[in-house]
1. Only one of (1) surrounded by fewer than 17 Cβ atoms within 10 Å (Cβ to Cβ); (2) on the phi < 0 side of the Ramachandran plot; (3) within 12 Å of chain A (Cβ to nearest Cβ) fails for residue B:54. Which number is that?
2. What are the residues in segment B:605-635 that are at pLDDT below 80, over 18 Å from residue B:595 (Cα atoms) and either in a strand (DSSP E or B) or out of contact with any strand residue (DSSP E or B) (no Cβ under 6 Å at 6 or more places or on another chain) (or both), if any?
3. Quick check on segment B:394-438: of everything there that is in contact with a strand residue (DSSP E or B) (Cβ under 6 Å, 6 or more places away or on another chain) and more than 16 Å from residue B:451 (Cβ to Cβ), which residue is surrounded by the fewest Cβ atoms within 10 Å (Cβ to Cβ)?
4. So which helices (runs of 4 or more DSSP H) stay within segment B:1-115 end to end and still have 2 or more residues that are without any contact (Cβ under 8 Å) to a residue 60 or more places away in the chain and farther than 22 Å from residue A:83 by Cα?
5. Can you tell me how many residues in segment B:58-77 are over 15 Å from residue B:117 (Cβ atoms) and in contact with a helix residue (DSSP H, G or I) (Cβ under 8 Å, 6 or more places away or on another chain)?
6. Suppose the filter is surrounded by fewer than 20 Cβ atoms within 10 Å (Cβ to Cβ), within 20 Å of residue B:516 (Cα to Cα), at pLDDT 85 or above and out of contact with any helix residue (DSSP H, G or I) (no Cβ under 7 Å at 6 or more places or on another chain); does residue B:566 pass it?
7. Consider residue B:589 against the criteria (1) within 49 Å of the chain's Cα centre (by Cα); (2) under 27 Å from residue B:659 (Cα atoms): it satisfies all of them except one. Which criterion is unmet?
8. Just the residues that are surrounded by 15 or more Cβ atoms within 10 Å (Cβ to Cβ), within 14 Å of chain A (Cβ to nearest Cβ) and in a loop (DSSP other than H, G, I, E, B), please, taken from segment B:185-228.
């Protein structure tokens, strides 16, 4: 099954992302921040990573940078969840190796559409 | 989406608490980056969540806070007192908004508009280059792909040459083409000219470029959106084929659109919230803390699951014994039953444990309260919190908040003196208020202690005499004098301030605490300070009880209240005409309360004192002897509220259901004493 790693420090956001993706038949693993996300990404191969940007311990930009440096995640789609106010982060994310972004607020359909876009 | 609301609200309230305490501990002038970051993250999370879950008013509001915090984070804005105050107000306002949204109540638009205006005024104080953000405007969207070029029946020519590193961004041209193909009829022509000779080829790089034509009912923005993520990772050109055939025209149009987009975007943000129904803040405070759900430590859940596992094993063992039972298996059955009893009890304990919350849930609001009040009063006050991790039943925690707020306000207002008065009295300028929680016996004790001026017994007495509450020559102990402040309408303040004495008095505090089955005690020393100690039962739902028989009835006595039980002889009983009877127990005279008389129980076996038992009980400093027929077993009982199911009865604190299904009343000792005195 296609597996996705969802990294967000907000439990409600995580729940929503998970619920949506699981409902669409994806296998989803949750992580609470960048450190947790990186550990989980190392222990299991994911087909896609969706990460929040603002998080304690390790933010989403650094997580993307660290993931891209791992051989397993060279080509993996890495998506960041960002808000319209955080658009300047987009460029930082791109430089770190992000594939693309999902702009908050989003609804489940938009999320699925974006995920399907990268997972085909 | 509504299924996530509960978690969103909980998380947001937590975020607000984090912001509040963060703001309070922020060093004006030299705030460290991490504290500001934490504040920003909290605001950002609430904004993201509220936007996603459809609470646009909240996300609009938090947007302004976020912008302000963002400027602080980037060092573009100094942390000033005014900013912190504005942010604290916003936290309050947000808490109110979320509380109302949670309860599906209408928002206080006037308050929101007002708080937002204060925030925006703060923002406006920033550098002019940030003005755009300070108006609450989102960044103007990129002009590419505005709706104006959304011409149906279009066809597009696309020249797409990815930069060589494109694959390493996780983007894949094949996926993008598939997406385009989903929009219309796609023709793809690959250009291989960029591919080097085999030996120079790096398999991780992308050397190909493409010419595509897309025909169909597609707008430009749909096409552009596919390439949105790779904008800077490729050379891209999108030309309309049918309607427009000159790239220059398109470029010109883009300029015009960009202007149009700006004006359209600006409009909705100028709508000023309608303040048609300004409701008073005071009476509309949402009970933000009384969440219907509870956050439980995972270790507690694990233990609970373990216990259930044990219980299931015991059950299956018992059913095995029961299936083919023979006399020889009696020991096995007994063992099983003992195990069952142990596990049931443990399970019950761990379930009760789930309801336990640390008192920090209540304590956490006090730093803010003390901060605000001391500023208002012009006093210097340090707040100490001790024993915040002490756990109390959720209901107790929730109901404790109001009495504690009252006591702390009192300490600040009446207890702690003004700085110059303190200095003159040889005390440190800064007063200390200590909130402490700890366990003692079956109780939790919560103390509010200050090093202020203390209670003045003489003054209290004079006031009470003046009000005609006591006679001028009444002999009162120190403690009885202090207790005067619990009388309705009694105030020690020379003049009422708007901080304490706002209608709710100490009588209400005491009543609230007593309603929880607790008690409040005062210790004070003139000039040194006062301590208000609240004693509360650990949990409200369960009780270690002693069952006693009176006639055909069974009553439950709280085990903790029982001092001893004894047979009595007539020669130690004194009868006072009209005042009842007392029992002489070791230099003390205890009033005897005959339960069968008080409750008019028919068929009491012991009508003569020598036939029954006297149970000596003590509660909240009152001792008395309860006369019953006999003592039965001890057991834990689950307390059911009588008020909820029937009505309040004097002398009874609740009821429980016994093993045989009958109902037994749980006796309320102070209530019984009061009843017997009537």
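1. Failing condition for residue B:54: (2).
2. Result: B:621, single match.
3. B:438
4. Ranges flagged: B:81-102.
5. 11
6. Taking the combined requirement at face value, the residue does not satisfy it.
7. (2)
8. Those that are surrounded by 15 or more Cβ atoms within 10 Å (Cβ to Cβ), within 14 Å of chain A (Cβ to nearest Cβ) and in a loop (DSSP other than H, G, I, E, B): B:205, B:206, B:227.
The values are calculated or read from the model by the stated rules, or taken from the named source; none is laboratory data. Quick caveat: nothing in here was measured; it's all calculated off a predicted structure. Virtual Cβ from ideal backbone geometry, glycine too; neighbours counted across all protein chains shown.
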